[in-house]
Amino acid sequence: MVLGLRYSADVRTLGFLAVYVSLFVFMWRYHSSNAISSFTWFILWWALAFSSLIGAVATHNTIHCKMFHSNLLNTLMRFALTLWYGHPCSTFVPGHNLSHHKYTQMVNDSMQTSVVQHKTNLFNLFTFHPAIVKRILKSDMTYMLWMGKQQRRMFSEWLAEGVVMVIVTVCLVVISPAKWLFYFMAPHYVAQFAIVTMNLLQHDGCDVVLPREEEVNPPDGDLYSDHVQPTLIASKQIIADNSLSSDIAATPEVAAISPIGDVTSTLPKRSPGTTGARAPTYQQRTTSFNTARNFVSPVLNWLLMNNGYHTIHHHKPFLHWSLLKAAHEREVKPHMDTRLDQQSVWGYMWRQYVYPGIRTDYKGEPVVFDRSPEESAIGDWMNMPSDMKASIDSMTTRDRINFIADGVIVMLLKFISPMYSPFASQD
């Protein structure tokens, strides 16, 4: 494979990364140049912001499907994505992989569109991101503390990404606070606003399929793999979350093992003592093809690496982005309501949010929710064991800072000496 990539199509991803770095360096270097007109600078800034959005999409793609065969290259790419996205890329996993994909549009979905219910739909468009960001940041921190207390690899990966982000940010601020704000912080905020708001465009007014009796709930104490919370189909056998490692889960062979709908009812039961809302099974989710809206513009999907094909992405979350269009045409389009294929995201936004600006579902009927925005904010997708939840909830801000600082120290010691362990050996 080219450059050690698992899919040669990711040469485009690396090309987009090079464009982002080039734009950032150019604008930082020529910040005070009088040779560039204000109009050209305006265009370049929005190009940088859009390039940051591509970085958010690339982060999304990578946390579903690794780019390289080499673990070292994947680690380096995580650091690059962190700086490209403007946030530790591992934080995509809790709110997106483990909450949104498993509980799409249900109360435990961190990104459910019911959190905004203004009468003027344009207000919903602009308030969706701020309405959920506090909840997501809080759940991300809780989840990472949980991973840290369980000594999961994901905690150290999150810390490493955070350290890289802090070091680069401090250096940029020291060199020039104004440049950092205009060329690093602001474009990243626009990108994060856009990638989150895209969820509103893709799911608002689509079907919400309620969970059945069958479910997948791994045993207490091992609720999630280090990176993912999949429910996959494999040769008429459901692979439970806790029995599937991240390395296996991310392979294309597992991702494309069977066609949609080829499932059985052989499912592990909820372990005794586990509480919380039930998760929809893969079988339950794939019985409806009208749970997401697809934006099928060839230009948009070339730039955003097929991010517009969203239904098939929810059906096969580990399918590489380069395969989504063909899978959509083959496995989704014959079964879905044709109104869920939108040719233009801009045209859809104009009709939905400007004129006539009425919040309607894909059938053209008014969107009606069965819960208020306040009720939408109380879901807890983690199903964390009660003793662990109590332990994390009791931590003060100082306790959390100390816990994270200790984790950074251990991470650095492990980097210096991979055999180092903070725990005494037991005879």
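Values as computed for the structure displayed
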| read-out | value |
| --- | --- |
| Which of ASP207, ASP370 has the fewest Cβ neighbours within 10 Å, and the rest in rising order | ASP370, ASP207 |
| Entries in LYS102/LYS138; LYS134/LYS316; LYS138/LYS389 that, when Cα-Cα distance is taken, lie over 22 Å | LYS134/LYS316 |
| Local electrostatic count at LEU172 - Lys and Arg +1, Asp and Glu -1, tallied over other residues with Cβ under 15 Å | +2 |
| Cα→Cβ-extended label distance, 7 Å offset, between LYS363 and PHE39, nm | 4.9 nm |
| The stretch 62-124: C-alpha gyration tensor shape, a/c 1.5 cut-off, then a/b vs b/c | prolate |
| Principal semi-axes in Å for the stretch 280-402 [√(5λ), Cα gyration tensor, largest first] | 34, 21, 17 |
| Per-peptide average of other Cβ atoms within 10 Å, ordering 304-315, 98-109, 391-402 highest first | 304-315, 98-109, 391-402 |
| Footprinting exposure proxy for TRP180, TRP350, TRP28 (fewest neighbouring C-beta atoms within 10 Å first) | TRP350, TRP28, TRP180 |
| Cβ-derived FRET efficiency at R0 41 Å, LEU181 paired with GLU375, nearest 0.05 | 0.65 |
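We did not get these values from a lab; they are worked out from the coordinates using the rules stated. Just so we're clear, the structure is a prediction, and the values are computed from it rather than from any experiment. Positions of Cβ are generated from backbone atoms using ideal geometry, with glycine treated the same way; all protein chains shown enter the neighbour counts.
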